[in-house]
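Reviewing the structure listed below.
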Amino acid sequence: MNKNDNLPQADGQNDAKHLSDETNAIENAFIAEQKKAEESEKEHIEVEPVKETTTVEGTNKASQKAEDHSTTHEDTMVEESEAVQNATDPIIDENEEADKDENQDNTVEIPEKEYETMNQKELIDELRQLMQEYPINSFRDQAEKIKKNFEKRDAEIHEKEKAKFEKENPPSDDPLAPQFEYNNELTKVFNDLHRTYRKEKGEFQRKRRAQQEANLVKRREIIEGIKTLITEEENIGTTFKKFHDLQENWRSTGPIPHDAYNITWEDYRLATQNFYDYIDLSKELRDKDFERNLELRHKIIARAEELGQEDNIHKALRELQELHRMWKEDVGPVAQEHRDPTWESFKAATKVIHDKRQEFYKERDKQQEHNKMVKENIIAEVQKITETGAKSHKEWQDRLKEIDVLKELFKNTGAAPKDVNNDLWDQYRSVTREFNRAKNNFYKELKDEQNENLKKKMDLIAIAEEHQNSEDFAGSLQVMKRIQADWKKIGHVPRKDSDKIWKRFQKACNAFFDKKNAQKEAATVEEKENYEAKLKIYDALKEMLPQDDKEAMQSDIQSFMDQWSAIGRVPYSKRFIQDKFEKLVKAKFKAAGLSEVDAEMLKYQNKLSSLENGNERDFKNERFYLRKRQDEIKKEILQLQNNLQFFNSKDDKNPLILAQKKNIADLQKELDVVKEKQKQVNILERQLAQQEEVTTEVTSEE
């Protein structure tokens with residue numbers, strides 16, 4: 001018999017007295033009756049027949065029930081009758097879970113999934129997979145959750161498309177105006193699939209009910225067969241063999257309808273006990289039966305004790321339930337002295353499993369409470385980010401990265417308590433929608449602003465192109481400087497136009513300044529010569545091959561750097577050669593065995609050399625760049641450290657945590673390099689200032 005016979009989860013808490021008073025009442029009465037009957041025969045007490053049974057010479061004779069003049073035998077029969085009538089099943093009782101869902105086959109383990117996070121396509125795939133891989137009656141709860149979440153997604157999409165339609169098609173009295181129609185192909189696919197699921201499930205239930213009805217007929221026939229044995233006139237061995245065959249048929253018969261189980265079981269138990277009452281078993285057969293039953297009880301106890309070591313608590317509980325059924329249905333009575341000890345042993349083994357179950361649910365509840373707290377903190381953090389907002393595209397992109405980290409953390413966090421899990425998911429979706437709404441509003445306003453900026457910059461381009469061929473360098477120079485300053489003040493333009501208009505503006509400006517610079521005679525020849533000299537050094541360094549002697553290679557690179565620094569300025573239009581040389585130096589130093597940090601600092605010496613030949617503005621630009629980069633790095637480190645607070649600090653193998661920590665370490669290294677660069681710039685600036693003071697003093701003395 002399986003769980004569909006309304007077998008509950010065995011609680012293992014029935015005490016020995018309860019079992020002895022109810023389940024073994026018939027055994028006690030039978031033994032008491034047997035002993036009293038034997039004593040009565042020894043004392044030759046005359047008894048009156050209670051019931052006459054037809055007998056045939058040479059066949060099985062039912063013992064004639066006699067009544068003691070002292071009413072001892074009669075009292076025993078009355079007690080036995082009352083025990084049978086009042087006895088309740090100590091293991092099988094009304095099971096609330098079975099009543100709640102008697103069609104759900106919970107013996108199949110189906111992994112729990114967060115259906116709330118799935119989209120419509122994923123929900124369809126999940127239902128199809130359940131139908132293909134599991135029995136049709138084993139995932140009713142999952143199917144209901146999938147349907148509920150699919151309908152919820154469908155309602156959201158319907159509302160969104162309707163709002164979009166109404167926005168694009170304002171209300172109109174025109175009868176030919178378009179009407180909103182909602183067509184979702186995924187909805188049709190899901191409805192067809194769910195209809196197939198319901199059809200298959202209904203067919204399964206009809207077949208199972210028919211089988212249960214057939215099993216009920218078989219069990220009724222078995223009960224009638226046991227009743228018939230009492231009146232048959234056969235050899236006792238033959239009768240007892242038939243009785244055992246009927247018991248075996250009873251055990252092998254499948255489940256019956258839930259509403260007929262209790263009364264059928266009571267009829268079976270009463271017929272069985274009547275058989276023991278009216279068939280006078282020999283003491284030898286009875287003892288042999290007791291021994292067989294005791295052996296079965298010991299096997300059940302041994303298996304229950306093994307289940308106490310089972311890690312899968314659900315599997316252990318299901319098998320324990322079957323052991324309790326076997327104890328009650330498959331195993332008959334044992335000798336009086338073994339009844340309480342075997343039950344106590346079985347009850348103790350059962351208690352171990354139920355203690356583990358309680359501990360399992362306690363730990364699960366504790367973990368779910370922790371998950372609830374984490375999810376609540378994530379929701380609060382998303383709200384905080386939304387309220388703080390951002391004022392630029394870069395800031396919104398930073399906020400979006402933070403939201404993505406929180407989203408990944410929310411999805412990886414396990415389930416919260418069942419009564420709040422769905423509510424937390426709804427809250428999370430609500431706050432993320434608020435964030436997306438705020439972000440979209442920003443970009444909508446930004447788009448309007450960028451279009452206005454585009455118009456302003458196009459006006460500046462027109463002015464630049466008007467003056468690019470001007471011969472009035474003095475007058476046009478002021479105009480060019482003014483429009484360049486105005487260009488910087490104007491904010492961003494649409495990305496698709498940014499490069500195009502900048503190149504056009506830059507081309508006009510460069511055309512003017514190139515023409516103006518062509519008129520300059522001072523230092524142009526020398527700067528061109530300097531450029532040619534630096535270009536030769538660059539080409540020579542580029543052709544240098546890696547050497548086995550790393551120190552010699554580093555010395556050669558340093559020599560190139562010294563030669564480069566000794567050469568003066570290059571034409572302004574050729575200033576890009578400096579950046580190219582610095583990148584090449586860094587690559588060569590790394591090839592010479594230096595770390596990236598050391599190579600960066602040695603490369604920076606060349607930058608310092610160029611600053612030494614520069615002016616105050618060059619120092620100001622370099623300090624501004626370094627300070628700006630320092631602030632950016634600190635801000636990124638702080639954000640990454642805040643994100644780490646949402647992770648379980650003990651989970652060092654989490655790839656997200658490892659990635660975050662590596663990013664922090666890389667940024668910290670870069671921050672140290674930036675600080676060292678600032679230090680070198682300050683030292684160089686102080687040295688130049690001291691040299692200038694000395695030069696001034698010498699000039700004054702002369």
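The values are calculated or read from the model by the stated rules, or taken from the named source; none is laboratory data. In this text, all values refer to a predicted model and were calculated from it rather than measured experimentally. Here Cβ is always computed from backbone atoms with ideal geometry, including for glycine, and neighbour counts include all displayed protein chains. Side chains are part of the model used for accessible areas, which takes the heavy atoms of the whole protein and leaves out ligands, DNA and RNA. Shrake-Rupley method; radii C 1.70, N 1.55, O 1.52, S 1.80 Å.
If I ask for residues that are among the aliphatic types (A, V, I, L, M), more than 20 Å from the chain's Cα centre (by Cα) and part of a helix (DSSP H, G or I), which ones from segment 120-155 would you list?
Across segment 120-155, the qualifying residues are 131, 155.
Output the residues belonging to segment 191-208 that are within 17 Å of residue 141 (Cα to Cα), open to solvent by less than 100 Å² (accessible area, probe 1.4 Å) and not small (Gly, Ala, Ser). Can you show your working first?
Here is the first cut: in segment 191-208, the residues within 17 Å of residue 141 (Cα to Cα) are 193-202, 204-205.
Filter again for open to solvent by less than 100 Å² (accessible area, probe 1.4 Å), leaving 193-194, 196-197, 200-202, 204-205.
Of everything in segment 191-208, those that are within 17 Å of residue 141 (Cα to Cα), open to solvent by less than 100 Å² (accessible area, probe 1.4 Å) and not small (Gly, Ala, Ser) turn out to be 193, 194, 196, 197, 200, 201, 204, 205.
Mind checking which residues of segment 286-330 are under 15 Å from residue 347 (Cβ atoms) and of a type in the set (Lys, Arg)?
Matches in segment 286-330: 297, 303, 328.
Scanning segment 465-482 for residues that are touching a residue at least 24 places away in the same chain (Cβ under 8 Å) and in a helix (DSSP H, G or I), which turns out farthest from residue 392 (Cα to Cα)?
First, pick out the residues of segment 465-482 that are touching a residue at least 24 places away in the same chain (Cβ under 8 Å): 465, 467-470, 473, 476-477, 480.
Okay, now just the ones that are also in a helix (DSSP H, G or I), so 465, 467, 473, 476-477, 480.
Values: 465: 31, 467: 34, 473: 38, 476: 34, 477: 33, 480: 28 Å.
Selected residue: 473.
For segment 282-326, which positions are closer than 17 Å to residue 357 by Cα and polar (S, T, N, Q)?
Matches in segment 282-326: 309, 312, 321.
From the set of residues in segment 284-315 that are closer than 13 Å to residue 334 by Cα and open to solvent by 70 Å² or more (accessible area, probe 1.4 Å), which is modelled with the lowest pLDDT?
Taking the candidates together, the pick is 288.
Can you name every residue in segment 383-433 that is more than 26 Å from residue 657 (Cβ to Cβ) and among the β-branched types (Val, Ile, Thr)?
Across segment 383-433, the qualifying residue is only 420.
Could you tell me which of the residues 503, 496, 507, 456 is in a helix (DSSP H, G or I), open to solvent by 40 Å² or more (accessible area, probe 1.4 Å), among the charged types (D, E, K, R) and more than 27 Å from residue 392 (Cβ to Cβ)?
Details: 503 fails: more than 27 Å from residue 392 (Cβ to Cβ); 496 fails: more than 27 Å from residue 392 (Cβ to Cβ); 456 fails: more than 27 Å from residue 392 (Cβ to Cβ).
Every option except 507 fails the conditions.
Would you check which residues across segment 160-190 are surrounded by 11 or more Cβ atoms within 10 Å (Cβ to Cβ), modelled with pLDDT under 85 and of a type in the set (Asp, Glu) and list them?
166
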